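Read through the structure below, which is laid out as structure tokens, and then see the notes.
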Amino acid sequence: MGRTREAGCVAAGVVIGAGACYCVYKLTWGRDENEKILDEDEESMDTSETGVETVKGAKANVGAGSGAKLHGDSKVKPEVSLGLENCPGVKEKVHSGSHSGGGLEAKAKALFNMLKEQASTKAGKGVRMGIISGNRTLAQSLPCPGGRGGGCHPTRSGSRAGGRASGKSKGKARSKSTRAPATTWPVRRGKFNFPYKIDDILSAPDLQKVLNILERTNDPFIQEVALVTLGNNAAYSFNQNAIRELGGVPIIAKLIKTKDPIIREKTYNALNNLSVNAENQGKIKTYISQVCDDTMVCRLDSAVQMAGLRLLTNMTVTNHYQHLLSYSFPDFFALLFLGNHFTKIQIMKLIINFTENPAMTRELVSCKVPSELISLFNKEWDREILLNILTLFENINDNIKSEGLASSRKEFSRSSLFFLFKESGVCVKKIKALAHHNDLVVKVKVLKVLTKL
């Protein structure tokens, strides 16, 4: 009976020990695998810049139990074994105890103690399983299509909280990532929303707003729109006064110095419309020499040159500011010879303004001109050019007579305009040849000029 009781106690101890082993193992069965998965997740996070996570795992021994499914790019299906294969220390000591002799009760106690120690050593690791969040959000530093910074997907929670989501959160909780934060996408500047249309007729407060925008911005697009808006409004006399009274002339004129040819063209156009007003001309005269210099050196026959010539023509309609441009007479005649059809017409209109002022005659006829200028009297030219060059000759001839310069011909060189028009006699021959021109208007103009010789 004593031996039977002893055997029963031993059997009870074995059953209790096996149950304790099962319970402890049930709680801690996947921690080694999860630790490996977390380590691999952390390494992949440190080495990969694309945010793609891969989970490498191995299948555990197959036993009776249910598997946990990991959601992610790679799927691992660890399966539970109810044996003691994952407790190598316990298995080794129990095996050695069975060979060292002793009773079954001692073996059961030894097994129970080893299981208790194994559970206590893993207790620290088991605490972290309870604090893993089931939520998943994208890192704020990772840009994605649809937004700069922040996540582009809503937070995920629920049954998919395990696996890679838990591993990612756990890996970030263990140590700070050494990855440099991803750079944000550059912001693409949209088109500036100008408050007015370029053809709107604006009131004084609105013109003030446009002038403020023009004064503060360095954006060529905004400058161009503002200049076109001001130029269109300057076509109306009431706005010509308003822009001047608001201090708009210096704000517009400061853009003459810009290197952008489009901005300079729009600046000249706006000043040209403003120059129709006599009081505005008093403000613009400060910049007339600068406009003239830029017009002469810019690209031949360009839009900037044409806009500058139109402004100079308007500024010389009266006699008040013509003396400011007398130093450029040789350049005007050189441009008259070199320019295309439209440039020739515009420069002749400018020179005609000077010829209508007798006080400018001496300076005008004494300047050097290219001898090829005589070719403008050929009948191959169209009506507009012929009428302008005949008017130019007529005015100069009248001023020479009125100013008494015919008697002082020795003052002028052979390369001067005086010698070309008056002394060479070539111009008179060319004009007489135009008397048989097919155009009646040109023929009448020729006859008028010849009667004054």
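Here are the numbers for the structure shown:
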{"quantity": "Packing-based ranking, highest mean first, of 399-410, 295-306, 226-237 given that Cβ atoms within 10 Å are counted", "calculated": "226-237, 295-306, 399-410"}
{"quantity": "Reduced Cα scattering model of the range 191-289, Debye log10 I(q)/I(0), q = 0.15 Å⁻¹", "calculated": "-0.50"}
{"quantity": "Flagged links, alpha-carbon separation over 28 Å, of Lys368/Lys401; Lys410/Lys445; Lys197/Lys285; Lys257/Lys283; Lys422/Lys443", "calculated": "Lys410/Lys445; Lys197/Lys285"}
{"quantity": "Area accessible to solvent at Asp398, 1.4 Å probe radius, in Å²", "calculated": "50"}
{"quantity": "Sulfur and carbon atoms: percent of accessible area, the range 348-453 [1.4 Å]", "calculated": "54"}
{"quantity": "Gyration tensor verdict on the range 311-444 (Cα atoms; rounded if a/c is under 1.5, prolate if a/b is larger than b/c, oblate otherwise)", "calculated": "oblate"}
{"quantity": "Counted charge near Asn388, where neighbours are those whose Cβ lies closer than 11 Å (Asp, Glu -1; Lys, Arg +1)", "calculated": "+1"}
{"quantity": "Contour minus Cα-Cα distance for Asp206 and Met296 (0.36 nm per residue)", "calculated": "28.9 nm"}
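The values are calculated or read from the model by the stated rules, or taken from the named source; none is laboratory data. The structure displayed is predicted, hence computed values, not measured ones. Note that we place each Cβ from the backbone using ideal geometry, even for glycine, and neighbour counts take in every protein chain shown. The accessibility values were calculated without ligands, DNA or RNA, using every heavy atom of the protein model including side chains. Shrake-Rupley method; radii C 1.70, N 1.55, O 1.52, S 1.80 Å.
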